[in-house]
Amino acid sequence: MKASNRTWTRWCLAVGLLTALGAEADPPPVNSAQGARLHGSERFETVNIPLGSIEPGTVSAGPACTTSAMMMAGGRLVGIQSCAGANPPVWFLEGADLVGAVFRAPFEGRSVKLTIEEVRCHVGITGPAVPCTAQNLTNGKAFWEYRVTASTEDAQPQPLCPTGSGFALAAPHAWSTGGELIPNPEYFTFACAAKNEGTATQPFFVGGGVVAKCIDWGYPPWATSYPATVAMEYHQLCTRMAMADYCGEGRSNTLDGTPLKFMGAKDAVQLDGGALPATVDGYSLEAVWQVNGCGDVRPLCLGKKRWDTLPLEATCVNKSLFIAPRATRPCESLNLASLVNSKLLVSYSVFIDRPLMLFKDAGNGYVTTAAVTVNPDILEGGGNVTGIFVDHNADGLPDATPYTAQRKEGPILSPKLPADIQSRMGNLIKPLYRCVNSSGRHMLTDTSTCDGIPGFFLKVIKGDQAIEGYVYSSVDVTSTGQRRPLKLWRSLTMPGVYATSTQAPAGFWFVKDLGYLPAVGQLPGRDL
């Protein structure tokens with residue numbers, strides 16, 4: 001997708017004609033949530049659209065009108081139509097003028113037809129609606145958003161944005177399958193917008209893709225208060241952070257809707273003189289994200305709690321990208337004072353802060369728990385469970401139990417989730433209750449009655465209401481790679497023996513679905 005000299009000249013002239021530099025980035029937003037997809041268009045996630053493929057749906061007055069160009073001016077999708085003998089001789093197509101317009105893009109060895117069905121003014125996720133006046137559009141304070149259908153030769157048209165608001169922003173340039181922004185003014189993409197599943201006072205945005213979220217957060221891939229090249233670096237920085245893409249491979253390590261707080265270096269230094277606190281307003285330190293000398297975005301470090309759950313299959317396909325072990329690179333030991341002018345973002349998250357582990361004893365009894373301790377001398381990553389032990393009393397030392405670690409099930413939402421976050425997430429999450437019987441058998445289930453199973457009762461630890469943590473109940477459960485069902489199993493041969501796991505232990509029978517864990521790493525064979 002190399003741009004020709006003619007195209008670059010056309011682009012420079014067009015920008016001079018239609019200036020749209022955008023607004024200066026605002027302080028860190030409060031309506032923040034991570035996402036598991038770059039664009040949110042699922043099947044058509046990797047489609048890059050040639051601007052030159054435009055087939056306009058609107059023809060301006062005059063039989064000699066032809067579309068000579070389509071361009072992106074900041075976040076504005078604009079067509080230029082030349083009309084011989086007309087006054088004026090050049091027409092600009094924008095907003096509602098583009099309804100019915102068709103683009104064609106390479107897709108799976110053929111092409112996909114993308115049709116703009118509806119256009120409306122975009123309502124961002126960080127504040128009140130801004131009307132799409134000519135001045136607001138030119139200043140980059142307002143954007144159009146598009147409802148688009150996608151169709152291939154062998155299928156009927158379907159929504160390009162199956163989740164979120166159903167509408168998409170237009171974003172310049174192209175993207176690689178590994179989530180890398182490729183500067184090229186001949187291409188653009190449609191970035192699906194999130195939908196508010198909460199209320200006006202307690203918003204909770206889910207669906208869509210992180211490209212649109214980062215635009216709303218003030219990090220668009222075009223010139224704002226930063227030059228275009230710097231703005232694109234910050235946009236890449238934002239999208240990697242929003243997806244928790246630790247390896248820079250386009251693979252998410254979070255779940256759509258995960259509440260997030262983030263800030264730049266200057267704001268982070270104000271927290272504690274350059275030192276990074278472990279928590280901010282109930283959010284746990286996740287990572288410091290930086291653009292390295294090669295222009296790639298990688299975590300400079302990870303928070304200690306994030307290290308506790310990262311081994312849960314959040315490994316890099318390219319092993320050379322593996323992040324340094326926890327003991328040598330915790331963010332809590334980093335002082336940002338010397339990096340205050342660096343291009344970096346610091347993220348805090350409330351969701352992924354507890355690892356859910358399955359343990360087994362010699363008698364085929366099972367316990368699934370997030371109360372674990374990890375030997376820091378062992379390199380964490382992959383499916384290795386050596387050095388992970390039950391730690392029910394939370395003293396940092398292995399309990400004297402007969403249980404040995406079997407499998408890392410995935411992350412679980414902490415039972416200490418702040419009340420306002422619980423309210424925002426509403427019915428999207430539900431608790432897992434800790435149950436035991438007099439014989440010492442353990443079970444996690446989603447009812448406070450222990451499912452009415454004879455002999456089982458709630459086990460309260462330090463007044464926690466016997467809640468081990470929270471799981472998602474129904475967020476985007478139809479999307480591949482974004483869910484991992486947690487299930488309750490019963491032994492066929494040993495009465496009163498149950499297991500809570502994503503997979504059936506040998507000799508166990510399915511009882512019920514309990515909820516969904518994040519699909520960390522999206523490894524084949526684990527995500528449904």
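The values are calculated or read from the model by the stated rules, or taken from the named source; none is laboratory data. Everything quoted here is computed from the prediction, not taken from an experiment. Every residue, glycine as well, gets a Cβ built from its backbone with ideal geometry; the counts of neighbours run over all protein chains shown. Remember, those area values only see protein heavy atoms, side chains included, never the ligands or the DNA or RNA. Shrake-Rupley method; radii C 1.70, N 1.55, O 1.52, S 1.80 Å.
Which of (1) basic (Lys, Arg); (2) surrounded by fewer than 22 Cβ atoms within 10 Å (Cβ to Cβ); (3) under 25 Å from Met357 (Cα atoms); (4) modelled with pLDDT of 65 or more is the odd one out, the single condition Lys319 does not satisfy?
Status for Lys319: all satisfied but (4).
Which ones in the stretch 115-165 are among the acidic types (Asp, Glu) and surrounded by fewer than 19 Cβ atoms within 10 Å (Cβ to Cβ)?
Glu117, Glu118, Glu153, Asp154
Cβ-Cβ under 8 Å, sequence separation 6+ or interchain: first residue in the stretch 492-512 and free of Cβ contacts under 8 Å to residues at least 24 places away in the same chain, partner outside any strand (DSSP E or B) and not hydroxyl-bearing (Ser, Thr, Tyr). Which pairs?
What qualifies is Leu492/Gly507; Thr493/Gly507; Phe508/Leu492; Trp509/Leu492; Phe510/Ala504.
Consider the stretch 141-154. How many of its residues are within 24 Å of Gly207 (Cα to Cα), out of contact with any helix residue (DSSP H, G or I) (no Cβ under 9 Å at 6 or more places or on another chain) and not polar (S, T, N, Q)?
The number of residues fulfilling the criteria is 2.
Working only within the stretch 248-282, note down all residues that are crowded, with 19+ Cβ neighbours inside 10 Å and more than 28 Å from Gly178 (Cβ to Cβ).
Val269, Leu276
Could you list all residues from the stretch 453-470 that are assigned to a loop (DSSP other than H, G, I, E, B), without any contact (Cβ under 8 Å) to a residue 60 or more places away in the chain and surrounded by 13 or more Cβ atoms within 10 Å (Cβ to Cβ)?
Scanning the stretch 453-470 gives Ile453, Gly455, Lys459, Asp464, Ala466.
Any residue at all in the stretch 93-114 that's of a type in the set (Gly, Ala, Ser), open to solvent by 20 Å² or more (accessible area, probe 1.4 Å) and under 17 Å from Ile215 (Cβ atoms)?
no
Give me the residue from the stretch 180-206 that is open to solvent by 50 Å² or more (accessible area, probe 1.4 Å) and under 30 Å from Met425 (Cβ atoms) and, out of that set, modelled with the highest pLDDT.
So the residue we want is Lys195.
Kindly check whether there is at least one residue in the stretch 476-483 that is at pLDDT 50 or above and in contact with a Phe, Trp or Tyr (Cβ under 6 Å, 6 or more places away or on another chain).
Checked against the condition, which is being at pLDDT 50 or above and in contact with a Phe, Trp or Tyr (Cβ under 6 Å, 6 or more places away or on another chain), the stretch 476-483 yields at least one hit.
For every residue, the table says whether it meets (1) under 16 Å from Gly35 (Cα atoms); (2) touching a residue at least 60 places away in the same chain (Cβ under 8 Å); (3) not hydroxyl-bearing (Ser, Thr, Tyr).
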position	(1), (2), (3)
Met243	yes, yes, yes
Glu249	yes, yes, yes
Gly257	yes, yes, yes
Asp267	no, yes, yes
Leu271	no, no, yes
Leu276	no, yes, yes
Leu285	no, yes, yes
Val288	no, no, yes
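Quick one: in the stretch 276-313, which of the residues that are among the aliphatic types (A, V, I, L, M) and in a loop (DSSP other than H, G, I, E, B) is modelled with the lowest pLDDT?
Leu312
Answer yes or no as to whether Asp245 is surrounded by fewer than 19 Cβ atoms within 10 Å (Cβ to Cβ) and of a type in the set (Asp, Glu).
So Asp245 does not fit the description; no.
So, restricting to strands (runs of 3 or more DSSP E) that lie completely within the stretch 393-452, which ones have at least 3 residues that are within 30 Å of the chain's Cα centre (by Cα) and modelled with pLDDT under 85?
So the answer is 404-412.
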